[in-house]
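Since the structure comes first, as structure tokens, the remarks are kept for the end.
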Amino acid sequence: MEVFKTFLNTMLHTESNDHLDLPDVSCSIVQVQYDDGDQRPSRFFLFREPPGFEHVEGKMVREVKEHLQSLAPARSENSRLRITCYQNYSPCTNSLRDDNKECAQALIQFHSDASGICSTYNLTMEIVFVGLYNIIRPYCFYDCVNGTNRRHCQHPPLYTLGQRPAVSTANVQGLKSLAQAGIRLRTFEDPDYNAVIDYLVTQQGADRQTLQAAWDNVRGRRQREDGFMQRDCEGLGISLSDIATSPAYQHP
């Protein structure tokens, strides 16, 4: 339940709107799907880190890469390999910090390495995220860019106000670089929350009724927030893929 709450509670603003108090925990559920005629089940990975530790992307690229290296060559030229990363925050590009948290570049390198390791597969990779990490939102509904609340939509408060525009610009460019590298980017929609529920039930033993009740309780709010997220990404020039063509929901 705590993992699911991390996705549900990654809001664009605090409900009280009087201070910045958004989830510091970063969480990623990675699904590796195989379409190679062997009917192998998907392989799942869960990464969750508290504040102050390595971002989940760092651990993800190491463990998933190790798994890919163990795969046998594809059996046919039509074999497909799909990697879907469900994350509560978009990957960062923290150019003002010397802490090896250049997540966007690490993911680009991982995509390149995976393409080489799995050269006999048709590889697609997709990152689906709930919130924008350390990015100033152009269409904030609380007017945070120009109004008195300008700090509220910037999470977390790791930088001075003077540094934040540069950090925001770097993180936007990082997302654009991911798309340019051939990695699909999307914001969460209803099927993605359902996919997280299915994972937690089938792989982690969670109670479906409890998770479904939690989702039903916030569905309207989340749909509103996710709609704002899509508009912000469009305003920032971040190219988003359409869920209708998402590899995660395509079947052989």
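All of the numbers you see were taken from the coordinates with simple rules; none came from a lab. This one's a predicted model, so the numbers in the text were calculated from it and none came from an experiment. Neighbour counts run over all protein chains shown; Cβ positions are idealised from the backbone, glycine included.
Computed values, structure above
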quantity: Under-5 Å amide H pairs with Ser26, H placed in peptide plane, nonlocal only; calculated: Glu49
quantity: Spin-label pair Arg40/Tyr139, simplified geometry with 7 Å Cα→Cβ offset, distance in nm; calculated: 4.1 nm
quantity: Neighbour cut-off at most 10 other Cβ (10 Å), DSSP loop, GluC sites (Glu not before Pro), region 62-95; calculated: Glu77
quantity: Spacing of the two label points (7 Å from each Cα toward its C-beta) at Gln203 and Ser119, in nm; calculated: 2.9 nm
quantity: Total formal charge among the other residues, if their Cβ is under 11 angstrom from that of Asn122, Lys/Arg +1 and Asp/Glu -1; calculated: -1
quantity: Other-chain or far-sequence residues with amide H under 5 Å of Leu123's (modelled H); calculated: Leu81
quantity: Rounded to whole Hz, the Karplus (6.51, -1.76, 1.60) HN-Hα couplings of region 215-226, x for glycine and proline; calculated: 5, 4, 5, 10, 3, x, 5, 5, 4, 5, 5, 5
quantity: Rounded to whole Hz, the Karplus (6.51, -1.76, 1.60) HN-Hα couplings of region 68-85, x for glycine and proline; calculated: 4, 5, 8, 6, 6, x, 4, 8, 8, 6, 9, 5, 10, 10, 10, 10, 10, 10
quantity: Residues with amide H under 5 Å from that of Gly131, placed H, sequence gap 5 or more; calculated: Tyr89, Ser90
quantity: Ranked Cys118, Cys103, criterion: other C-beta atoms within 10 Å, fewest first; calculated: Cys118, Cys103
quantity: Phi-based couplings in Hz for region 120-135 (Karplus 6.51, -1.76, 1.60; Gly and Pro marked x); calculated: 8, 10, 8, 9, 10, 9, 9, 10, 10, 10, 8, x, 8, 8, 6, 10
quantity: Sorted by Cβ density within 10 Å, fewest first, the residues Met1, Met11, Met229; calculated: Met1, Met11, Met229
quantity: Residue-span extension gain [Ala181 to Asn217] - 0.36 nm each, minus C-alpha spacing; calculated: 9.2 nm
quantity: Stretchable slack from Asp190 to His67, in nm (0.36 nm times residue separation minus alpha-carbon distance); calculated: 41.4 nm
